[in-house]
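Where a number appears in this text, it was derived from the coordinates with a stated rule and is not lab data. Everything numeric here is computed off the predicted structure, so don't read it as measured data. No Cβ is skipped: glycine too gets one built from the backbone with ideal geometry, and neighbour counts run over all protein chains shown.
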Amino acid sequence: MSDGEALAVLRCESTRRQMIAGIAIAFGGLAAGSSVWGKAPRQAMKEIPGSPANKARTSLHQEASFKASPQRIYEVLLDAKQFAAFSGLPAEIDPKAGGAFSLFGGLIVGRNVELIPNQRIVQAWRPTHWDAGVYSIVRFELKPQDSGAIVVLDHTGFPEGEYDNLTWGWKAHYWDRLQKYLT
């Protein structure tokens with residue numbers, strides 16, 4: 001799927017409220033010293049309605065197995081060209097601790113907080129439709145497993161009501177696409 005086709009699909013999935021929020025944030029700008037901050041999101045990702053049981057949850061844990069080494073997965077998650085190739089959307093990533101990133105055509109932004117090569121990536125992470133200044137913590141642990149790796153994701157500190165949407169998004173936008181890319 002080309003970048004244009006992927007953007008068209010995501011535009012069709014977006015809600016008017018998300019697009020308005022994204023435009024408001026884009027006009028408000030994000031304060032930071034990197035060129036990847038403050039770029040206007042082109043569209044918002046699909047929103048999944050939250051279940052009442054998950055409404056108050058502000059953390060999630062997932063594990064995904066891959067037939068690729070921890071080193072390969074680490075490289076893909078921190079290399080802008082490879083990230084864009086697996087996600088189907090533009091990415092800008094400064095692959096060092098403190099470096100800024102903009103993923104999925106500007107829909108997700110943040111900074112790399114801690115990087116332990118081939119083992120751990122910790123990021124301050126936010127979709128641009130969240131209120132300005134609201135960040136969560138995403139922690140990827142990369143562990144060797146048989147002839148591949150397992151990625152242990154812990155995503156904490158996100159706003160109430162986001163659990164179901166984020167749970168679905170990690171699977172659809174990271175794990176499923178990464179699985180196809182690495183195969």
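Things to note:
- Interchain or long-range residues, amide H under 5 Å from Arg57's placed H: Gly161
- Listed pairs Lys143/Lys180; Lys81/Lys143; Lys55/Lys180 exceeding 27 Å between Cα atoms: Lys55/Lys180
- Projected label distance in nm at Gln179 and Glu63, using a 7 Å step from Cα toward the beta-carbon: 1.6
- Close amide H pairs (under 5 Å, H built 1.01 Å from N) link Val113 with Gly98, Val122, Gln123, Ala124, residues at least 5 positions away or on another chain.
- Likely footprinting exposure, Thr167, Thr128, Thr183, fewest C-beta neighbours within 10 Å first: Thr183, Thr167, Thr128
- Cα gyration tensor category, rounded, prolate or oblate, for the stretch 134-183 with a/c compared to 1.5: oblate
- Applied to the stretch 69-77, the Karplus parametrisation 6.51 cos²θ - 1.76 cosθ + 1.60 on θ = phi - 60° returns per-residue 3J(HN,Hα) values of 6, x, 4, 5, 5, 4, 4, 5, 6 Hz, with x for Gly and Pro.
- Least to most buried among Tyr174, Tyr74, Tyr135 (fewest other Cβ within 10 Å first): Tyr135, Tyr174, Tyr74
- Added length on full extension, which subtracts the Cα-Cα distance from 0.36 nm per residue, Lys171 to Thr156: 3.8 nm
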